[in-house]
Amino acid sequence: MRSTKIVTSFITNNDKFLLLKRSQKVKSMKGLWAGVSGIIEKNETPLERAKIEIFEEAGITESDIKLLKSADLIRVESPQYKNHEWEIFPFLFETTNSEIKLNWENSEFKWVSVDEISNYETVPSLEKVLSNLL
């Protein structure tokens, strides 16, 4: 089975969590709600990639986030690609900056409570990934 290593970061602010709606311009999971995610490239550590993605996708700088927790790798079978799985490295960050500047990868954002996440059509296993961080 092929696998792709990705990070998924959740950002919390005042007991709310940032959800991003994936745009129609991305390759996978178009229109679904997710945390801040990205593919780990070459020699990067998952934490380095997480911080890069948070800046690229939400406009939040490293100085405005604090790592609260990371969790063990979670494997999720891809519903989109046959014989493929995602190796997800989960992170939970806190920020006092609730101003979000989206790039082209996402079309909307919302700050939601944990209980509200189930009201959104999310990428596979998003709630499972978050529950490993709480």
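The values are calculated or read from the model by the stated rules, or taken from the named source; none is laboratory data. What you see is a predicted model; the values in this text were computed from it and never measured. Note: ideal-geometry Cβ built from the backbone for every residue, glycine included; neighbour counts use all protein chains shown. Just so you know, the surface numbers come from the protein's heavy atoms only, side chains and all, with ligands and any DNA or RNA stripped out. Shrake-Rupley method; radii C 1.70, N 1.55, O 1.52, S 1.80 Å.
Descriptive notes on the structure:
- Filter result (more than 20 Å from I65 (Cα to Cα) and open to solvent by less than 40 Å² (accessible area, probe 1.4 Å)) within segment 23-46: S23, V26, S28, M29, G31, L32, W33
- Which numbered condition K42 fails, given (1) touching a strand residue (DSSP E or B) at 6+ places or on another chain (Cβ under 9 Å); (2) assigned to a loop (DSSP other than H, G, I, E, B); (3) without any contact (Cβ under 8 Å) to a residue 24 or more places away in the chain: (1)
- Taken together, S107, S118 contain a single residue that is assigned to a strand (DSSP E or B) and polar (S, T, N, Q), which is S107.
- Residue within segment 114-134 that is of a type in the set (K, R), in contact (Cβ under 8 Å) with a residue 40 or more places away in the chain and surrounded by 13 or more Cβ atoms within 10 Å (Cβ to Cβ) present: no
- Residues of segment 90-99 satisfying the condition of being surrounded by 12 or more Cβ atoms within 10 Å (Cβ to Cβ) and in contact with an Asp or Glu (Cβ under 9 Å, 6 or more places away or on another chain): P90, T95, N97
- Of the residues making up segment 62-76, those that are in contact (Cβ under 8 Å) with a residue 24 or more places away in the chain and either closer than 20 Å to F109 by Cβ or open to solvent by 90 Å² or more (accessible area, probe 1.4 Å) (or both) are D64, I65, K66, L68, D72, R75.
- Condition met for K51 (without any contact (Cβ under 8 Å) to a residue 24 or more places away in the chain and either assigned to a strand (DSSP E or B) or surrounded by 17 or more Cβ atoms within 10 Å (Cβ to Cβ) (or both)): yes
- Any hit, segment 80-100, residues being outside any strand (DSSP E or B) and modelled with pLDDT of 95 or more: yes
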